[in-house]
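*Asks:* Below you will find the structure I want to go over with you.
Each reported figure results from applying straightforward, stated rules to the coordinates on display, with no laboratory input. Everything numeric here is computed off the predicted structure, so don't read it as measured data. Glycine gets a Cβ as well: all are built from the backbone with ideal geometry, and neighbour counts include every protein chain shown.
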Amino acid sequence: MKIAIGCDHRGFKLKKRLMEYITELGRTYHDFGSYDATPVDYPDIASKVAGAVSRREYDLGILVCGTGIGMAIAANKFPGIRATLATDTFLARRAREHIDANVLSLSAEETPEDKAKEIVHAFLTTQFEGGRHLRRIEKIGEIEKE
């Protein structure tokens, strides 16, 4: 599993810790920035990560900004991206199981490091259930074509 990860300046510290954690889990990732705490615009980073996942260069993406909201909105502009803001493991699991979410967005300001690691673990280890949920995902795809 290849993971694309990125953050804005507000998410930089948490992203660094999550990259270490992803390595501990034995997963590979590519860091799309930001590479320090210098202010950047979150849509620029979300575009890099979501674009790479949309093109299927990476299996999943993880984004971190102050609230996680802007990153998720920007990521969802890309075809085939189902980005979710998750504030706990239940939402991360449910997003993968029912929505086949492929980009996780986290709030650096509201999510402590230990909780963020739990959320990332849930997101990376939960599989899409398919079945009745597949029909709904296909409907989202049809909306994208409009």
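*Asks:* Can you spot a residue in region 115-124 that is free of Cβ contacts under 8 Å to residues at least 24 places away in the same chain and out of contact with any Ser or Thr (no Cβ under 7 Å at 6 or more places or on another chain)?
*Replies:* Scanning region 115-124, I find no residue that is free of Cβ contacts under 8 Å to residues at least 24 places away in the same chain and out of contact with any Ser or Thr (no Cβ under 7 Å at 6 or more places or on another chain), so the answer is no.
*Asks:* Only residues that are within 19 Å of ILE143 (Cβ to Cβ) and of a type in the set (Phe, Trp, Tyr): list them for region 75-98, please.
*Replies:* PHE78
*Asks:* Also, I was wondering about something else. Sort out which residues of region 116-146 are among the charged types (D, E, K, R) and either within 12 Å of TYR21 (Cβ to Cβ) or touching a Pro at 6+ places or on another chain (Cβ under 6 Å) (or both), and write them in order of number.
*Replies:* If the condition is that a residue be among the charged types (D, E, K, R) and either within 12 Å of TYR21 (Cβ to Cβ) or touching a Pro at 6+ places or on another chain (Cβ under 6 Å) (or both), then LYS117, GLU118, GLU144 are the ones that fit.
*Asks:* Now for a different question. How about region 51-74: which of its residues are farther than 15 Å from GLY141 by Cα and either touching a Phe, Trp or Tyr at 6+ places or on another chain (Cβ under 6 Å) or among the small types (Gly, Ala, Ser) (or both)?
*Replies:* GLY51, ALA52, GLY61, CYS65, GLY66, GLY68, GLY70, MET71, ALA72, ALA74
*Asks:* Residues to consider are ASN102, ASN76; find the one that is more than 20 Å from LEU14 (Cα to Cα), among the polar types (S, T, N, Q) and within 11 Å of the chain's Cα centre (by Cα).
*Replies:* One residue alone meets the criteria, ASN76.
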